[in-house]
Amino acid sequence: MNQREQALTEQRERIMSQAERKIWVTFRKEGIHCYPAAATDPALKTGDEYDVSFLGTPHRHIFHFRVWIDVLHNDRDIEFIQFKRWLENLYAGGTLELNYKSCEMISDELYDQIAARYPDRNIVINVSEDGENGAVIVYNTATPYQSIKI
């Protein structure tokens, strides 16, 4: 192997050894959602095509979740099917409730549960209403060399 090939091999090995590793899972949860302020806030109850006062009435959504989490190695550090089932069970077992929370509030509560079980890992949570509109929150740990890019 010549010097150039050796340098390229070392570069690839360095890149692989320093790569950010994450898994992601998706799941859905039916929930009733409401934004009470929409019924009375003049900025929301506008009376024109921008009026969203209907959001003040409880209504159904299918909340879509996509969760990314750091893994420490390539060989199933967190087995994603088990991770997904655990996340789903947080809602099935009543540990977490959707209630009248915003997508951001739902994300924060979910993050608390994940971080308690998997500390010191970067986590990204995407929560949407019906897969159409939602929020993405990036929870970075204090580890400065790791960042999540989606």
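A few remarks follow.
- Single condition residue 32 does not satisfy, out of (1) within 23 Å of the chain's Cα centre (by Cα); (2) exposed (fewer than 12 other Cβ atoms within 10 Å of the Cβ); (3) in a loop (DSSP other than H, G, I, E, B): (3)
- For segment 50-150, the strands (runs of 3 or more DSSP E) that sit wholly inside it and include 2 or more residues that are under 15 Å from residue 23 (Cβ atoms) and in contact (Cβ under 8 Å) with a residue 12 or more places away in the chain are 59-70, 123-129.
- Restricting segment 16-42 to residues that are modelled with pLDDT of 95 or more and β-branched (Val, Ile, Thr), the residue that is nearest to residue 61 (Cα to Cα): 26
- For segment 1-24, filtering for residues that are part of a helix (DSSP H, G or I) and over 30 Å from residue 84 (Cβ atoms) leaves 12.
The values are calculated or read from the model by the stated rules, or taken from the named source; none is laboratory data. Just so it is clear, the structure is predicted and the values come from calculations on it, not from any experiment. Ideal geometry is used to build each Cβ from the backbone, glycine not excepted, and the neighbour counts take in all protein chains shown.
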